[in-house]
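Following: one structure in structure tokens, then a few remarks.
The values are calculated or read from the model by the stated rules, or taken from the named source; none is laboratory data. In this text, all values refer to a predicted model and were calculated from it rather than measured experimentally. Ideal geometry is used to build each Cβ from the backbone, glycine not excepted, and the neighbour counts take in all protein chains shown. Side chains are part of the model used for accessible areas, which takes the heavy atoms of the whole protein and leaves out ligands, DNA and RNA. Shrake-Rupley method; radii C 1.70, N 1.55, O 1.52, S 1.80 Å.
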Amino acid sequence: MTELSGQTRDRVLRALRAQRIETPSWAYGNSGTRFKVFPQEGVARTPQEKIDDAAEVHRFTGVAPSIALHIPWDAVDDYAGLAAYAADRGIRLGAINSNVFQDNDYKLGSVTNPDPGVRRKAIGHLLECVDIMDQTGSPDLKLWFSDGTNYPGQDDSRDRQDRLAAALRQVYDRLSGEQRMLLEYKLFEPAFYMTDVPDWGTAYAHCIDAGPRAQVVIDTGHHAPGTNIEFIVAFLLRARRLGAFDFNSRFYADDDLMVGSADPFQLFRILHEIVRADALSPASGITFMLDQCHNIEPKIPAIIRSVMNVQEATAKALLVDTAALAAAQQAGDVLGANAALMDAYNTDVRPLLAELREDMGLHPDPIAAYHRSGYFDRIRTGRASGQQAGWGA
Ligand code: LRH
Ligand code: MN
């Protein structure tokens with residue numbers, strides 16, 4: 001790595017030290033595909049054990065102090081108690097994810113269902129999630145709707161959009177304090193003809209209609225192949241409507257693989273837009289979450305690896321020589337501009353990150369440290385009995 005000036009080094013290390021990545025509770029439970037869910041030894045059985053695992057990820061990475069919850073997968077009787085349990089382990093309860101995609105009543109849709117009774121039930125769940133936010137202190141309500149149709153003519157697209165807008169209005173009006181509504185889009189699956197919130201434009205338009213507390217979530221696995229996701233990032237940042245990321249990666253569809261594992265260059269380009277907009281720090285109000293499923297690989301090391309992948313892409317983005325890039329862009333020097341970006345991307349930032357971790361009092365190799373910690377042996381024996389957590393699908 002070309003010798004970094006002291007000033008650049010400090011700026012990069014400061015930004016990396018302040019980075020915050022939220023891990024998803026459901027990634028600590030069993031997950032799979034429609035073909036099979038392979039259980040794994042030591043998997044969490046309760047929201048508390050998922051929090052224990054999240055605390056381990058934070059213990060070795062130092063930048064993952066919050067966990068996103070999914071309701072009802074993480075339902076408990078005492079949410080304030082759960083928040084206290086987490087706080088005792090240095091973990092904050094993050095986004096509350098609603099779930100209106102697993103109940104039999106939602107076959108033809110949840111908030112967009114032709115049946116007003118089903119719509120009321122779905123909206124009731126979303127409002128219940130805001131009640132939970134009041135108890136956990138979570139700022140973010142994250143909404144993803146599996147709603148859609150499978151055949152042309154099955155339902156009226158405009159009527160469904162009206163129903164969706166009415167539901168979002170009701171939920172939006174329930175928000176208080178710093179609470180936000182984060183709307184996630186997805187091109188397809190489980191619906192295979194039309195999805196009611198299929199793309200960023202639809203999500204953005206509904207957020208504009210709802211109000212300033214409504215922001216868009218970009219799940220990196222929810223686009224058509226070949227989509228330029230960093231353009232969407234740049235656009236929504238400029239519009240001040242980018243609320244959060246669900247980071248993961250994919251080779252084909254919504255594969256939910258480790259972020260950066262399938263396309264590290266895309267992750268770098270996304271983080272470049274974030275850094276360019278000075279939107280990396282928690283103060284920017286963007287929540288950087290992982291949304292992954294570790295169907296065959298050991299879950300906790302996979303999440304640690306994922307956090308490290310985000311750190312590596314971020315470090316590379318922070319190393320972009322912005323002055324050289326801007327000069328080349330202004331001069332129409334196409335190759336020069338591209339080279340400015342590629343030089344940063346082709347920089348091996350692992351030594352810098354190892355140094356950062358040592359500065360933070362952490363082991364330079366979080367995964368090796370995790371394996372040496374004996375945590376897995378403890379949970380493998382300690383959690384041998386009982387029902388492992390999963391999607392309950
Ligand atoms: C939908 C999704 C959404 C979550 C779920 C676990 O595909 O990305 O963010 O609710 O995964
Ligand atoms: Mn997601």
Total formal charge among the other residues, if their Cβ is under 10 angstrom from that of Gly148, Lys/Arg +1 and Asp/Glu -1: -2
Among Ser25, Ser157, Ser66: highest mean-square fluctuation, GNM of the chain, C-alpha pairs under 10 Å: Ser157
For the stretch 320-380 versus the stretch 52-126, the gap between their alpha-carbon centres in whole angstrom: 31 Å
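Rounded to two decimals, what is the ratio between the C-alpha radius of gyration of the stretch 154-273 and 2.2 N^0.38 Å?
Ratio of Cα Rg to 2.2 N^0.38 Å: 1.10.
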Per-residue [θ]222 nm for the chain (sum of -39500 (n - 2.57) over DSSP H runs n ≥ 4, rounded to 500): -14000 deg cm²/dmol
More than 14 angstrom apart: percent of Cα pairs within the stretch 129-182: 60 percent
Among Leu82, Gly62, Pro39 - extreme Cα towards positive end, dipole of the stretch 1-131, charges at beta-carbon: Gly62
Cα gyration tensor shape of the stretch 207-341, rounded if a/c is under 1.5, else prolate or oblate by comparing a/b with b/c: oblate
Debye, to nearest 20: dipole size of the chain, +1 on Lys, Arg Cβ, -1 on Asp, Glu Cβ: 240 debye
Longest site-free stretch - the chain; sites: trypsin sites (Lys or Arg not before Pro), DSSP loop, at most 13 other Cβ within 10 Å: 241-393
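Kindly flag which residue pairs out of Lys142/Lys316; Lys50/Lys299; Lys107/Lys186 have an alpha-carbon separation exceeding 19 Å in this structure.
Details: Lys142/Lys316 29 Å; Lys50/Lys299 11 Å; Lys107/Lys186 17 Å.
Pairs exceeding 19 Å: Lys142/Lys316.
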Taking the stretch 83-178 and dividing mean pair separation by its residue count, relative contact order in percent (alpha carbons under 8 Å, at least six apart): 35 percent
Residue-count net charge about Gln266 - beta-carbon cut-off 13 Å; Lys, Arg +1, Asp, Glu -1: 0
Two-decimal Rg/Rh across the stretch 95-208, once Rg and the Kirkwood Rh are taken from alpha-carbon atoms: 0.95
Low-density loop cleavage sites - GluC sites (Glu not before Pro) in the stretch 103-193, where at most 12 other Cβ are within 10 Å (DSSP): Glu178
DSSP loop chymotrypsin sites (Phe, Trp or Tyr not before Pro) with at most 16 other Cβ within 10 Å excluded, longest remaining stretch of the chain: 253-390
Value of relative contact order over the stretch 235-344, rounded to a whole percent, pairs C-alpha under 8 Å and six or more apart: 27 percent
Fraction of the pair-distance distribution of the stretch 202-242 above 12 Å, Cα-Cα pairs, percent: 59 percent
Computed P(r) (all Cα pairs; the stretch 273-393; 5 Å bins; percent): 2, 8, 13, 15, 16, 14, 11, 8, 5, 3, 2, 1, 0, 0
Local net charge near Leu341, Cβ-Cβ under 10 Å (Lys/Arg +1, Asp/Glu -1): 0
Surface share of carbon and sulfur [accessible, 1.4 angstrom probe, percent] for the stretch 139-286: 53 percent
Rounded accessible area of Thr287 (nearest 10 Å², 1.4 Å probe): 20 Å²
Gyration tensor (Cα) of the stretch 27-122, equivalent ellipsoid semi-axes in angstrom: 30, 18, 11
For the chain: relative contact order, % (alpha-carbon pairs under 8 angstrom, 6 or more apart): 21 percent
Selected from Leu187, Leu13, Pro225, residue furthest toward positive end of dipole (the chain; charges at beta carbon): Leu13
At R0 = 45 Å, FRET efficiency that the Cβ-Cβ distance of Gln161 and Ala368 yields, to 0.05: 0.35
Fraction in percent of alpha-carbon pairs per bin - 20 Å, the chain: 27, 58, 15, 0
Highest-fluctuation residue, Gly32, Gly226, Gly42 considered, GNM on the chain with Cα pairs under 10 Å: Gly226
Surface per residue (accessible, 1.4 Å probe) for the chain, Å²: 44 Å²
